[in-house]
Protein chains: 2
Amino acid sequence: MSEKVKKRTLISDIAAHLEVSIATVSLVLNGKAKQSRISDAVAERVLAYVQEVGYKPNQLAKSLRTGKTHVIGLVVEDIANPFFSTVASLIERQAFERGYRIIYCSTNNDTERSKQLISMFREQHVDGYIVVPAAGIEEQVGEILREHTPTVLFDRYLPALPTHHVVVNGAQGTYAAATHLLAQGFANIAFVTTDSEQTQMQDRLDGYVRALQEHQVPQTVKRVAVSKDREAVIADLMTFIEGHRQCDALIFSTNYLCIYGLEAITRLGLRIPDDLALVSYDDHDLFRLYTPAITVIAQPVEDIAKNVIDILLEELKQRASESPRPLQQLVLHPTLVVRQSSVRRAAGSAKKARKQEAAN
Amino acid sequence: MSEKVKKRTLISDIAAHLEVSIATVSLVLNGKAKQSRISDAVAERVLAYVQEVGYKPNQLAKSLRTGKTHVIGLVVEDIANPFFSTVASLIERQAFERGYRIIYCSTNNDTERSKQLISMFREQHVDGYIVVPAAGIEEQVGEILREHTPTVLFDRYLPALPTHHVVVNGAQGTYAAATHLLAQGFANIAFVTTDSEQTQMQDRLDGYVRALQEHQVPQTVKRVAVSKDREAVIADLMTFIEGHRQCDALIFSTNYLCIYGLEAITRLGLRIPDDLALVSYDDHDLFRLYTPAITVIAQPVEDIAKNVIDILLEELKQRASESPRPLQQLVLHPTLVVRQSSVRRAAGSAKKARKQEAAN
DNA sequence: CTGAAAGCGCTAACAA
DNA sequence: TTGTTAGCGCTTTCAG
């Protein structure tokens, strides 16, 4: 009753049909015909028949035997964040073209969840990892490193661990943004960031601090607890902005913070850039099309994706030869895309703004 | 040289250590201790030791043996589209909690690519599929159906195939949008859609046609070739808008078309809603925060994700019992979220609208 | 040049 | 109650 037409062709079927051995078929299929000196005639017959019946080797059996799954584990912070989904989408495409599948998960930057995900991937025997590491997962990453599973981190890294990684010089981006704002005459620039201690955040903060120190202007750093819910964050930002009316410009360390910020600014009825100039990290449809358009520190997403996957695939290829390859630790550069949100308007309004400032 | 400390514990190791048989360990681990009448004492000893050494069964071997991989194949149109990435992220989370991994790919609505992806997933022996079907993949989907692999489609479906699916009543959304615009006094409403013939697009068009027919006003449908690149689409839309100056309102059938539309409108220097009112399908940060905020036909993303994964997991659970379950074909309802982009500005009402919006 | 055969690690009949 | 053992489907020596 239950034995339907489950006639999945096996390698033994095709060997039997062709009256050759299983090994012959396997060898031909794995491109080892030449090196095993199998006659071209036989090789061709095999290929032709395999083609004809549409035989596909069972990947599970193959994986069990070879220990390779051709699956890459992708651990990102949040696949619903355009920055990550764009990079993920580019990585996925490249990987597929080279015969690798992607299995992915979002950590929401949660340490426990990250650990859990890595161990699940380990159980799945992924061939390699691409990880946007949450804080505190040194041990788990260290473990996969010790097992010599090819791994590339991106967006941030774990200073304690010798990993391949691709990051962006965040300090450079923030420094450029702050300098630009100062040049535009904004003198009281606040930096809105998360309460995360991770490298990329620290880096972005550093650029801000350096720029403001160089110009000897006071610094204001607002740290938002990322765990809070949407409304709480907006409320928090509204309170911050209201309590710092002397600020005439804001730099946001991530796209979602800026989105919350825009919501807060709108609710407060403030005008951009007249009341408050804005620069955000990460480009986004919203920032490009917003009125006024938002100045951003754009990350080179294509480059990030390309380098990450290239390094990983190279590593995957080389793994056989036990020669440890030099660590690839790329630091790419962001681009400041100046739009209206950070540009002083015509003389009239600028003066007015400055006057207000003096009055405070 | 090469044999490092690859001391991955095997089931035989733990059996040997405990001086019980491999079968006992396996049975206990698979919760079949009771039904195989293994003594509680032994079961506990096994569990304790497994815990102690942190033994994890090799999933590959397990899968090869059982034919189950606990992997779900997710085929979406574009993971970088917020609609899909949001749904994907919700699905992923639910699936993980129930012990399933997600392996995903974007088709960009390309038929060939879709076929290829499904066949790759088949080779990977995924336990189930969640598919946003591109046009023309009836055959491939039919095949996985014939193999009785649990499958759920969403966003659109293939009318020729009896599948489980979760879609949204697009006609209702567009109808509501058109009716709303007409009520606001916009009399010349155009519908901007893609050249796709898929169910969800056809459906959205139908709602537009029906609303305009009922009010006996002329229809204007603009079909954009989706294959074109970004700039080409924007140029196309600019030409269309310029050529239809009599139009006072536009309904976009997808979020990305509206984003292109906003770009086109901005470049043409038109004001929203005074020169042109706007309604788009799918909500998006951009639409919520744009000035003026864009009225949207919001899809119930949480509900979509929840229903999709529930149906699939149910199916996965039931597969053993050969009783064919009734087809789940859910039609959820969209919500028209009225914002300023579609509301006639009577004197003084603009401010009111903004206040309302802030209250949301 | 080709074929036999030993596993990869696990599950689950079937014995005992 | 527990142990033995036959595979799942494939790769890859190694002997012919």
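The values are calculated or read from the model by the stated rules, or taken from the named source; none is laboratory data. Everything quoted here is computed from the prediction, not taken from an experiment. Heads up, the Cβs are rebuilt from the backbone with ideal geometry, glycines too, and the neighbour counts pull from every protein chain shown.
Observations on the structure shown:
- Elements of type helices (runs of 4 or more DSSP H) in the stretch A:1-70, at least 1 residues being more than 9 Å from DNA strand D (Cβ to nearest atom): A:11-18, A:22-29, A:40-53
- Among the residues of the stretch A:65-76, the ones that are crowded, with 20+ Cβ neighbours inside 10 Å and farther than 18 Å from A:Arg98 by Cα come to 2 in all.
- Within the stretch B:316-360, the residues that satisfy the criterion of being exposed (fewer than 15 other Cβ atoms within 10 Å of the Cβ), modelled with pLDDT of 75 or more and in a helix (DSSP H, G or I) are B:Lys317, B:Gln318.
- Among (1) more than 10 Å from every other protein chain (Cβ to nearest Cβ); (2) within 23 Å of B:Glu138 (Cβ to Cβ); (3) in a helix (DSSP H, G or I), the one test that B:Val75 misses: (3)
- Index of the failed condition, B:Asp285 passing every other in (1) within 14 Å of chain A (Cβ to nearest Cβ); (2) within 23 Å of B:Gln172 (Cβ to Cβ): (2)
- Residue within the stretch A:106-113 that is out of contact with any strand residue (DSSP E or B) (no Cβ under 9 Å at 6 or more places or on another chain) and either in a helix (DSSP H, G or I) or at pLDDT below 90 (or both) present: yes
- Test for B:Ala178: is it among the hydrophobic types (A, V, I, L, M, F, W, C), part of a helix (DSSP H, G or I) and loosely packed, with under 15 Cβ neighbours inside 10 Å: no
A quick yes/no check of all residues on (1) touching a residue at least 12 places away in the same chain (Cβ under 8 Å); (2) surrounded by 13 or more Cβ atoms within 10 Å (Cβ to Cβ); (3) within 30 Å of B:Glu138 (Cβ to Cβ); (4) within 16 Å of DNA strand C (Cβ to nearest atom):
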position: B:Thr9; (1), (2), (3), (4): yes, yes, no, yes
position: B:Ser39; (1), (2), (3), (4): no, no, no, yes
position: B:Glu44; (1), (2), (3), (4): no, no, no, no
position: B:Ala80; (1), (2), (3), (4): yes, yes, yes, no
position: B:Thr86; (1), (2), (3), (4): yes, yes, yes, no
position: B:Tyr100; (1), (2), (3), (4): yes, yes, yes, no
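- Count of residues meeting criterion [at the interface with chain B (Cβ under 9 Å from one of its Cβ atoms), surrounded by fewer than 17 Cβ atoms within 10 Å (Cβ to Cβ) and out of contact with any Asp or Glu (no Cβ under 9 Å at 6 or more places or on another chain)] in the stretch A:46-64: 1
- The stretch B:114-127: number of residues that are closer than 18 Å to B:Gly142 by Cβ and within 11 Å of chain A (Cβ to nearest Cβ): 8
- Residue match in the stretch A:8-21 (condition: within 14 Å of chain B (Cβ to nearest Cβ), farther than 30 Å from B:Thr86 by Cβ and at pLDDT below 90): yes
- A:Ile91 part of a helix (DSSP H, G or I), more than 9 Å from chain B (Cβ to nearest Cβ), away from DNA strand C (no atom under 13 Å from the Cβ) and closer than 30 Å to B:Asn108 by Cβ: yes
- Failed condition for B:Glu138, given (1) within 30 Å of B:Ser342 (Cβ to Cβ); (2) surrounded by fewer than 17 Cβ atoms within 10 Å (Cβ to Cβ); (3) at pLDDT 95 or above: (1)
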